[in-house]
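A short write-up of the structure that comes next.
The values are calculated or read from the model by the stated rules, or taken from the named source; none is laboratory data. None of these values were measured; they are calculated from a predicted model. Virtual Cβ from ideal backbone geometry, glycine too; neighbours counted across all protein chains shown.
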């Protein structure tokens, strides 16, 4: 593999301080947001009230590595004024801004001033991430077009780095880090675009046109591992997705829905064999284990976790995995189905207890989720296959839409409410239990809940997975043998 960018020296865990002043503030507080940990991008928010003079201070104790975060005015869900910031253990960053002219007056002082001026310039130019850039929307579906757009994005991002470096010179190590981060973001964009080309109706069916191996020639510019870059989100995203890339031949041999759930077990085994031992491999293996916990085969987790720990996993990654496992403990088999508010199309409340005595196939979805909507025809076909067994099994489509009108329109458009053995329910996303479930596992997700109200499988096959019908048949036979269903 090629040798890549220069090393950014690792710092011991230490306190980092972000302080400053907001002039002419209309908001009474400011916020700082960052990812929960290396494995979980769920944002952690910290709010600080402004003093009468507009001053604020955030103190982060025991920061183990440089932190990519966002700072902004007011409430995170309503703010129009925010910027990316980079905080280094042991340093103090001072930020000043006039709220009336946010972008024009944003200023930084301290050892990290130059990198933060660059972060702010990235935000304005929309070169922080390919998917947020003009080139990344709409998602391209043609390899040549993909490459052209990604190359244009990279050229813009590299030009922006040169301009920022002239205005506020970066230390050489940071300049090399940011140049490398642009390349890894570019590579991530090229890797993740292959599905749209290979499938006629992704995420359904089989590959109809495998991506030519020559397409992946860009990987020669993106060496793995580059352990010194692990603090940078762009590198972590690329390294994480690289584990999926390693499975491309196996994915091309299966219908995509049959690949989805077992892919994480396969990704762990493959990455462990292919990637050199070190910090990057430990991160990738931990990230894949986190994926396995949320979306994979539950029975595959414990043995791989033991293997991971035997390799000398860092305490930080162990803590992150244990935290995730504890949060998902309530979704393991034989646990009661999570309780949260639900209403049907008539506005009547629904409880899992109302469905006792039947096997419940739960499809968790949302009107804005493209893979969820693509599964609708397969879900209707699955319902039709079991239409004569409505005393044994019921299909519940659980939407997490915040907009009830959008939910109703999607139900009608996708003909979801027409089968006799289905139920359409809208979850109350304001309920903390449902919000946690969504944040931890996303959509789509499918569950099997037994007639006793206990979870059978929190990662059941999706409707478009050829294994879905067989799983239902096998489960119903087992339940009938125990006289749990008629």
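Answer yes or no: is there a residue in the stretch 43-63 that is in a loop (DSSP other than H, G, I, E, B), farther than 22 Å from residue 23 by Cβ and not assigned by TED's automatic domain parsing to the domain that holds residue 175.
So far as the stretch 43-63 goes, no, none of its residues is in a loop (DSSP other than H, G, I, E, B), farther than 22 Å from residue 23 by Cβ and not assigned by TED's automatic domain parsing to the domain that holds residue 175.
crowded, with 16+ Cβ neighbours inside 10 Å, within 16 Å of residue 453 (Cβ to Cβ) and in contact with a helix residue (DSSP H, G or I) (Cβ under 9 Å, 6 or more places away or on another chain), is that true of residue 360?
Here the answer is yes, as residue 360 does meet what is asked.
For residue 348, all conditions in the list (1) more than 20 Å from the chain's Cα centre (by Cα); (2) crowded, with 20+ Cβ neighbours inside 10 Å hold save one; what is the number of the exception?
Condition (2) is where residue 348 drops out.
Looking at the structure I just gave you, is residue 461 in the same structural domain as residue 372 (by TED's automatic domain parsing), surrounded by fewer than 17 Cβ atoms within 10 Å (Cβ to Cβ) and modelled with pLDDT under 95?
no
Conditions first: (1) more than 25 Å from residue 438 (Cα to Cα); (2) assigned to a helix (DSSP H, G or I). Residue 231 passes all but one, so which condition is the exception?
(2)
Looking only at the stretch 257-278, count every residue that is over 19 Å from the mean Cα position of the chain (by Cα) and either in the same structural domain as residue 37 (by TED's automatic domain parsing) or surrounded by 21 or more Cβ atoms within 10 Å (Cβ to Cβ) (or both) and tell me the total.
1
Can you find even one residue in the stretch 382-405 that is touching a helix residue (DSSP H, G or I) at 6+ places or on another chain (Cβ under 9 Å), loosely packed, with under 13 Cβ neighbours inside 10 Å and free of Cβ contacts under 8 Å to residues at least 60 places away in the same chain?
no
Mind checking which pairs have a first residue in the stretch 255-268 that is free of Cβ contacts under 8 Å to residues at least 24 places away in the same chain and a second that is surrounded by fewer than 24 Cβ atoms within 10 Å (Cβ to Cβ) and part of a helix (DSSP H, G or I), Cβ under 6 Å, 6 or more apart or different chains?
From the stretch 255-268, the pairs are 259/251.
Okay, residues lined up against (1) in contact with a strand residue (DSSP E or B) (Cβ under 6 Å, 6 or more places away or on another chain); (2) in the same structural domain as residue 23 (by TED's automatic domain parsing); (3) at pLDDT 95 or above:
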residue	(1), (2), (3)
93	yes, yes, yes
99	yes, yes, yes
102	no, yes, yes
121	no, no, yes
140	no, no, no
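Name the residue that is surrounded by the most Cβ atoms within 10 Å (Cβ to Cβ), counting only residues in the stretch 71-86 that are closer than 30 Å to residue 317 by Cα and touching a helix residue (DSSP H, G or I) at 6+ places or on another chain (Cβ under 9 Å).
85
Looking only at residues that are at pLDDT below 95 and in a loop (DSSP other than H, G, I, E, B) in the stretch 369-391, which one is nearest to residue 468 (Cα to Cα)?
375
Please go through the stretch 227-254 and give me each residue that is out of contact with any strand residue (DSSP E or B) (no Cβ under 8 Å at 6 or more places or on another chain), over 19 Å from residue 273 (Cβ atoms) and crowded, with 18+ Cβ neighbours inside 10 Å, ordered by number.
The answer is 228, 229, 230, 234, 235, 236, 237, 238.
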